[in-house]
1. Please specify each residue of segment 46-76 satisfying the condition of being farther than 12 Å from V23 by Cβ and more than 12 Å from the chain's Cα centre (by Cα).
2. Looking at segment 18-41, I want the residues that are hydroxyl-bearing (S, T, Y) and have a partner that is in a helix (DSSP H, G or I) with Cβ atoms under 9 Å, at least 6 apart or on another chain. Which pairs are those?
3. Tell me, which helices (runs of 4 or more DSSP H) wholly within segment 10-65 include 2 or more residues that are under 21 Å from A82 (Cβ atoms) and either of a type outside the set (A, V, I, L, M) or in contact with a helix residue (DSSP H, G or I) (Cβ under 7 Å, 6 or more places away or on another chain) (or both)?
Amino acid sequence: MNSRYLLVYGSHRLRVIEAIELVALDVFNARRRQITLGDVENYLGQLRNHAPEYRCGRCQAAAIVRPDRVLMIVRVWQRQLAVTRLRALR
């Protein structure tokens, strides 16, 4: 198996970037303020504590993502949202 993939459901493979975006989307939608690395680490900790039979997909994603990568994606999205809102006010 290629190291860029993680087996999630049967034959469905999840790429690392997809896993990062999946987790980042949850973090982005959960907070309405500036996200910190601690926020990301706490959320990943919650996901990693899920029971194996839970099989939500996010549990497996949390096992392969790095918190700093998730934070980077969330911050890019927050920045783009701020720019879009600013442009809409003009």
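1. N49, H50, A51, P52, E53, Y54, R55, V76
2. T36/L71
3. 16-30, 37-48
Only the coordinates and a few stated rules stand behind these numbers; no lab work does. Just so we're clear, the structure is a prediction, and the values are computed from it rather than from any experiment. Cβ atoms come from the backbone with ideal geometry, glycine included; neighbour counts cover every protein chain shown.
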